[in-house]
1. Assuming R0 = 25 Å, can you tell me the calculated FRET efficiency for the pair residue 98 and residue 208, based on Cβ-Cβ distance, to the nearest 0.05?
2. Per 10 Å bin from zero, what fraction in whole % of the C-alpha pairs of the stretch 118-165 is there, up to the bin with the longest pair?
3. Leaving out ligands, DNA and RNA, and with a 1.4 Å probe, what % of the accessible surface on the stretch 97-193 is carbon or sulfur?
4. Have a look at the stretch 85-209 and give its Rg and Dmax from the Cα atoms, expressed in angstrom.
5. Give me the extension gain from residue 137 to residue 194: residue separation times 0.36 nm, minus the current Cα-Cα distance, reported in nm with one decimal.
6. Karplus couplings for the stretch 105-112 from phi (6.51 cos²θ - 1.76 cosθ + 1.60, θ = phi - 60°), rounded to Hz, Gly and Pro as x?
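The values are calculated or read from the model by the stated rules, or taken from the named source; none is laboratory data. Since this is a predicted model, take the numbers as computed values, not measurements. All Cβ positions, glycine included, derive from the backbone under ideal geometry; neighbour counts span all protein chains shown. When the accessible area is computed, the model is the full protein with side chains, heavy atoms only, and any ligands, DNA or RNA have been set aside. Shrake-Rupley method; radii C 1.70, N 1.55, O 1.52, S 1.80 Å.
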Amino acid sequence: MQREISGGSPEQVTGAEFERNHRTRPSRLSRNLVRSCFVVAILATANIIIGCGSGPELEAAEGTKTPTISSVERQECPPTQDAGSNPDRDEVRDEILRAGLPGGICLFMVYSGEARNRPGMLNFQVDLTFPASNGPNDLRSVATDIAHTLKVSAISSRIAQLAVSNWGDIKAGKPRYDSYLEDANFADHIWNSSSSREEEMALWNVHIR
């Protein structure tokens, strides 16, 4: 192989020299191809990174709000009629108000008296204002809730019997019924939902006044 030398005749070039001169110089096409592949690799990597943290699917998920269950609005109830009149009655009243009553039902008053057959214990009557109630059987569910509340209260050991009425309506001059529910053996009943709801509600006896 020959090469031109300025001002002279062609000079012989060995095969080893030709190979050395050409193998260390990549062509322009090869360099462009490598550069293009490098750029594509960077873009692909960037797309993978973006997809892992802030893609459209993630933004849509973040923008989705979990539906919340709105709480049932309770009726605004007036103050009870017996606040501060008796420590035992106040304790029962406060326990019931703290637990809360179903919507449409208000606590009107709490009465108490000495239990004749259980010395040192008390009988309580809880008067409600429950306009939607048409008779004592309509009181069974809320009366059961009240019994559960009082059974785990500090005053539970002093409650001999418990009665629940709708006499708040009577005092307000609304259509009335005198009968009410009574558990004459509150002290002996568990009132902890170990029985079915129906069995617990059946423990109440209708007392005709």
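1. Numbers: r = 32 Å, r/R0 = 1.27.
Once rounded, the FRET efficiency stands at 0.20.
2. Per 10 Å bin, starting at 0, the Cα pair percentages come out as 24, 51, 22, 4.
3. Numbers: 2140 of 4330 Å².
It is 49 percent, rounded to a whole number.
4. According to the Cα coordinates of the stretch 85-209, Rg and Dmax are 13.5, 39 Å.
5. On the way: separation 57, 0.36 × 57 = 20.52 nm, distance 2.17 nm.
Between residue 137 and residue 194, full extension yields 18.3 nm more.
6. Along the stretch 105-112, the couplings run 10, 10, 7, 9, 6, 10, 10, 8 Hz.
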